[in-house]
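Single-structure report; data block below.
Read the figures in this text as sums done on the coordinates, not as results from a lab. Every value quoted in this text rests on a predicted model; they were computed, and no experiment measured them. Because the Cβ atoms are built from the backbone with ideal geometry, glycine has one as well, and the counts that use them run over all protein chains shown.
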Amino acid sequence: MDNAEFRVWAHRIADRMADYYENIEEYPVKSNVKPGEILSQLPASPPAESEDMTQIMRDFESIIMPGITHWQSPNFFAYFPANGSYPSLLAEMLTASLGTQCMVWETSPAAAELEEMMMNWLKTMTGLPSGWDGVIQDTASTSTLAAILCAREKTTGYAVNDDGISGTETFRVYCSTETHSSVEKAVKIAGIGRKNLVKIPTDAQYRMDAGKLRTAIANDIASGFKPVCVVATLGTTGCTAVDPLKEIAAVCAETGVWLHVDAAYAGTALLLPEYRWMTEGIEQADSFVFNPHKWMFTNFDCSAYFVKNKEALLRTFEILPEYLKTGNRGLVNDYRDWGIPLGRRFRALKLWFVIRSYGVNQLQEKIREHIRLARWIEQQVMAHPDFEIMAPVPLSLVCFRYNPAHITGTNALNSINEMLMTKLNATGKIFLTHTKLNGKYTLRVSVAGTLTEQRHVESAWELIVETAASCTVG
Ligand SMILES: *Cc1c(COP(=O)(O)O)cnc(C)c1O
């Protein structure tokens, strides 16, 4: 492909992208292809000769598109969103064009310095302590792994990095029973071991019980374990419970245990002053993560990781082979020392585009609107005799189930709700997912799509009521 042909296709694909967004509601939200259906349409071996772009795009339409689940659809209510936006997309086009590798300052000074400023902007926008430092990671899973590794190193005086795990000490990490699975993955990778992840019970609203955390840490210390890290969650994945940060921070302060705060989804709500209660006590935390790629209109991937003490982070990850030595050490941020990978994408550009194109006010308006729409659904659920709310709705996720008078018993209710979800998703009109709360099958409606409006949640609710009436047990 030469430059002239690239120019032609770049314009055509830009039109294709705009068409996609214009017609996005016409696609079935959840792809209903069968396992292997896409695979069987792909040639088993790569082409030896050059293929024409016309043919490649034709196959994109006929083979790939049917197997896509439309995350940007306004009728996507599953999981948490991975929302994006036009300004973010435009920045991604430029990022791909530049093709930079942002390992160190010298490999693209603008990328490093823009990243530094974007992290400062996010700090201001979310009200995080001004003395903290931030870095963009790929995902919250990586950020949490970084936190647990730093905690492990700080607790051992950076000995594990040098000597490996001695086996004379057993480390412990604490989280709640509702915590995201990325914490379990991180303790496995960090050499701490899944058995040493202590899951603290939650209260009736699915928030970590700080009193039980205090007892668990005290008992562990008495038994000779070494507490390393507590992970508190603002906005759990199941039902967006907000752990009591201030009380948890007090426990960590008493024992000197590292406190990591996972706000992957809910962190975006901190743009709203009325949500800052969630971070009361944050000054006592050591690290914090939230994903602009979930709810802040920034295309996947972009995870904002903040630390109180940059030195602990650098000491944990720093490496300095001869081929990476530059004359600027200490003057600039070499982000390869701020996390796990060496190679890094230029992710700050899309944040810059998003924040400038919307402006903080419009970002706040959109987030408030999502929360309002979720409250609207919550009200419909509460007003309907055959449905019930399963957890408080502090943010923009509604947990509910179908519970008509003629169906009784947990098992029957679980099956009917599973059936309801399967039927709803098969319509292609909406896509939602579930969780289990205290063993009860719970449907989740997560309202945070960039394009989601009142009319979408109204149709979704209508469809839910109508489909529920057609579900029968037996
Ligand atoms: C989504 C989520 C994660 C994982 O995020 P990734 O960026 O996909 O790794 C972690 N914690 C919570 C609370 C989440 O909601």
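Below are the figures for this structure:
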read-out	value
Test: residue in the range 226-235 that is crowded, with 24+ Cβ neighbours inside 10 Å, on the phi < 0 side of the Ramachandran plot and among the hydroxyl-bearing types (Ser, Thr, Tyr)	yes
Subset of the range 74-104 [outside any helix (DSSP H, G or I), touching a residue at least 40 places away in the same chain (Cβ under 8 Å) and more than 18 Å from the chain's Cα centre (by Cα)]	74, 75, 100, 101, 102, 103, 104
Qualifying position, being in a loop (DSSP other than H, G, I, E, B), among the basic types (Lys, Arg) and under 28 Å from residue 363 (Cα atoms), among 30, 34	30
Set 306, 297: member being more than 12 Å from the ligand (Cβ to nearest atom), outside any helix (DSSP H, G or I), surrounded by 22 or more Cβ atoms within 10 Å (Cβ to Cβ) and under 13 Å from the mean Cα position of the chain (by Cα)	297
Flag if residue 54 is more than 29 Å from residue 344 (Cα to Cα), more than 26 Å from the chain's Cα centre (by Cα) and more than 16 Å from the ligand (Cβ to nearest atom)	yes
In the range 197-236, residue farthest from residue 437 (Cα to Cα) [restricted to those that are among the aliphatic types (A, V, I, L, M) and within 16 Å of the ligand (Cβ to nearest atom)]	230
Cβ-Cβ under 8 Å pairs, at least 6 apart or on other chains, the range 298-319 side without any contact (Cβ under 8 Å) to a residue 60 or more places away in the chain, far side away from the ligand (no atom under 16 Å from the Cβ) and of a type in the set (Phe, Trp, Tyr)	314/338
Residues of the range 171-185 satisfying the condition of being closer than 15 Å to residue 259 by Cα and near the ligand (Cβ under 10 Å from one of its atoms)	179, 183
All positions within the range 253-272 that are free of Cβ contacts under 8 Å to residues at least 40 places away in the same chain and away from the ligand (no atom under 11 Å from the Cβ)	253, 255, 256, 259
